[in-house]
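Here is the structure we will look at, set down as C-alpha cells.
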Amino acid sequence: MILVCCLIYLSAAAQRADTSIIYEQKNKSLPSSLNRAASKLSKSLNENLPETDIAEEYETLAKELILKNEFVKAEDYLKKARDIYTKSNNRQALTTINRELAKLQEMQNNYAEAIAYYDEASRTSNNPIDKQINTNDANRLRNQSNPQSQSEYIQSNIQLLGQEGRKEEQATAYQQMAQTNRLMNQSEAAIENYEKALEVVDKSPTKTFQIKSDIADVYTENKEFDKAIVMKQQLVEEARQTSNVKMEIGELRSLSTIYFSDDKADEGIAILMKAYNLSIDEGQTFEAKNTLEQLIVQYQRQNNSAKIIELYHNFLDNLEQMIRSDSSLVDVKLFQLTESKIQQLEKERELKDELIRKKNNFNYALIFFIVLVLVLLGLVVKAFYTIKIRNKKIALQSLRREMNPHFIFNSLNSVNQFIAQNNELEANKYLSSYSKLMRNVMENSNNDFIRLDKELEQLKEYLDLEMLRFSHVFAYKIEVNPTIDTESVQIPNMLIQPHLENAIWHGLRYRNDKGFLKLSIDRENQDLVIRIEDNGIGLKQSEQIKTQNQKMHRSRGLTNITERIKLLNELYHLNIRLMMHDKNGQETGVLVEIFIPINKEALNGHKTT
C-alpha cells in the first residue's frame, strides 16, 4: 500500500514539473537525442521543407523512440514517413521503411504484422538481394516452431548482408542465430554467434552492451555464474567509464539477478542497494523506483518489514529532490511539448495541403471549363467557317454555271441559222463540234480549277465553233510560253472563255474586214499572265451601238467574272487580278490581262502549245 502511494505521488510530481524546472534543467545539460530529433522535425515542419526531408526526420525520431521502447509512437512516425514515400513513389525508401516497421512489430511479438511488412518490403524493393533478405525474414517468422528452419533463413541473410556490407544488420542476424542456438540448447554456438556480432557491430555502448549482456545470460542459463558475474561486472565498469548512469544502474540490477540465481541473496541485495543509492544520488527517479521494487521483493522473502519501511521512508525523503534534479523527467516534459507542437504543425500542414488541393481542383475545373468553352467555340467557329466556305463554293459554282445557258442559247441559234439556210452539212458539222465541247464543259463543270492544257483544248474548240458560226470573219492565234508545263498548271475553270466571247461578239463581228484575236499565256515572276487581245471596235464604240438587252448582258457578264475572281481569292487565298482596257494609240481593240499566282513547280515544264 505504501508503494502504491509512492507511485501515485511520483506520477503527480512528474506532472507538476513546471516551466522553471524545465528551463533550469535545460541550462544545466544538453537536450537528449530524442528531443533533438523532435525539435529538428518541428523546425522542418514549421519551415515547410520538402516532404522527403520531413520523411527523413520522421524516420530519425522513430528510431530514437524505439530506443526508449516507445513502440506505438515510433510506429506512428514510421507510417507517416511511409505515406510520404508512397506519394512520391520512392520504392527504395519504401523498402527501408517497411523493413523498419517489420522489425518494430517483431519487437512487440506481433509476428503476423511483421511478416506482412517483410513481404511488403520484398515486393517494393528493386534490389534482388534486398528482396531475398526480406523474404528470408518473413519465412523465419513463419517457422517460429522450427528453430532448424529458422537458422537456415538466418544463415542466408548473414551471407547476403555481408555481401552488401550492411554490418549492423549482419550483427542483428548473428544475434538472431544465437537466439535460435539457445532455443536448440546450443550454448557454445550461441556464444560464438554473439561474439561474431560483436566483431561486425559498431562500437556504440548501447549495442555492444546488449550483446555482452546476452552472452552473460547464456552463462547464467548454463549455471556458469562466475563467468556471467565477471561479464556483468565488466559491463558495469564500462558503463561507469562512459558516464552512462542509467545503463550502469540497469547492469547492476542485472548483476544482482545472477547472484540471486546463484543463491547468493546477500550479495544480490548489496548490489541492488548500490544501484538504488546510485539512482538517488544521480536523480534517476524511475530507476530508483524500479530498484526499490526489486529490493522490497527480496526483503519480503526474508520477512524483513523493518527494512522495507526504512526504504519507503528513504525513498519519500529523497523523492522531491530527485524529481527536481531528474533530467529524464524534464526530457519527457520537453518531448511532450515538442510533440504537441509537431501535431499542431501537422494539422496546419494538412489544412494547407487540403486548401491547396481544393484550390487546384477548382483551378483544374476552371481550366477544364475554359478549355471546353474554347473547344465548343472553336467548333462553332469552324462550323460557321465551313458553312461560309461551302456557301462560297456553291456561289462560285452557281456563277460558273450561269455562263452555260447563254453559251448554249447562242449555239442553238447558230444551228437554227444553218437549218434556216438549208445548210445541213454545216449544221451537222457544227452540232458535232458543239456536242464535243459541251461534253468537256459538263465534265469539268463541278471543278473550280482545270488543267491548262484541258482549258486550252476547250477554248480552241470554242473558237473553231465561233469561226464557223460567223463565217470566218476573224482569225485567232494561241501562244503559250514553252517553259510552262500545261499539264501541271491549274487555272480557274471557264475564266477565259467569257472574254473571248466578248471580244468576238462585241468587237470583232462589227469590223468591215477580217478581224484577229490573240490569246497568249506567259509568266511573269510567280504569276501566270493570260492576255486576250483583239482588233475590234473597242469598248467605247461597242457601248454606243449595243442594244439595251446587250448592255444588260454585258454588265452581268463582267459582274459574274468579277464575283468569281473575288470568291476564288477568298476560298483559295489567291491574288487573281483582272485588267481590261482599250488599246492605246491608233490601233483599235481591247486588251484583257489576267494575272494568276502559280507555284514554281508548275512552271518548270517544256510543254509547247
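When the residues of the range 118-143 are filtered to those that are open to solvent by 30 Å² or more (accessible area, probe 1.4 Å) and within 20 Å of Arg82 (Cα to Cα), the one that is nearest to the chain's Cα centre (by Cα) is Asn126. Listed conditions (1) open to solvent by less than 80 Å² (accessible area, probe 1.4 Å); (2) in contact with a Leu (Cβ under 7 Å, 6 or more places away or on another chain); (3) not acidic (Asp, Glu) are all met by Lys274, apart from (1).
If we only count helices (runs of 4 or more DSSP H) wholly inside the range 46-135, which ones have 1 or more residues that are at pLDDT below 90, among the hydrophobic types (A, V, I, L, M, F, W, C) and closer than 26 Å to Val332 by Cβ? Spell out the reasoning first.
Values: elements: 51-67, 71-88, 91-107, 111-124.
Answer list for the range 46-135: 51-67.
Within the range 144-163, the set of residues being surrounded by fewer than 23 Cβ atoms within 10 Å (Cβ to Cβ) and within 24 Å of Ala93 (Cβ to Cβ) comprises Leu160, Leu161, Gly162, Gln163.
For Thr206, the requirement of being in contact with a Ser or Thr (Cβ under 7 Å, 6 or more places away or on another chain) and assigned to a helix (DSSP H, G or I) is not met. If you go through the range 168-187 and keep only what is open to solvent by 10 Å² or more (accessible area, probe 1.4 Å) and hydrophobic (A, V, I, L, M, F, W, C), you end up with Met177, Leu183, Met184. I'm checking my understanding of the structure. Among residues of the range 456-515 that are among the small types (Gly, Ala, Ser) and in contact with a Gly (Cβ under 9 Å, 6 or more places away or on another chain), which one is modelled with the lowest pLDDT? Checked the range 456-515; the qualifying residue modelled with the lowest pLDDT is Gly507. Just one of the listed residues (Gln155, Gln159, Gln144) is touching a helix residue (DSSP H, G or I) at 6+ places or on another chain (Cβ under 8 Å) and in a helix (DSSP H, G or I), namely Gln155.
Residue-wise test of (1) open to solvent by 50 Å² or more (accessible area, probe 1.4 Å); (2) modelled with pLDDT under 85.
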| site | (1), (2) |
| --- | --- |
| Leu295 | no, no |
| Ser325 | no, yes |
| Gln336 | yes, yes |
| Lys352 | yes, yes |
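Filtered by the rule that a residue be at pLDDT below 90, among the basic types (Lys, Arg) and not in a loop (DSSP other than H, G, I, E, B), the range 557-592 gives Arg564, Lys566.
Could you tell me whether Arg523 is in contact (Cβ under 8 Å) with a residue 60 or more places away in the chain, basic (Lys, Arg) and either touching a helix residue (DSSP H, G or I) at 6+ places or on another chain (Cβ under 8 Å) or within 25 Å of Asn584 (Cβ to Cβ) (or both)? Spelling it out, Arg523 is indeed in contact (Cβ under 8 Å) with a residue 60 or more places away in the chain, basic (Lys, Arg) and either touching a helix residue (DSSP H, G or I) at 6+ places or on another chain (Cβ under 8 Å) or within 25 Å of Asn584 (Cβ to Cβ) (or both).
The values are calculated or read from the model by the stated rules, or taken from the named source; none is laboratory data. The model shown is predicted, which means the values in this text are computed figures rather than measured ones. Glycine gets a Cβ as well: all are built from the backbone with ideal geometry, and neighbour counts include every protein chain shown. Areas reflect the complete protein model, heavy atoms only, side chains present, ligands, DNA and RNA absent. Shrake-Rupley method; radii C 1.70, N 1.55, O 1.52, S 1.80 Å.
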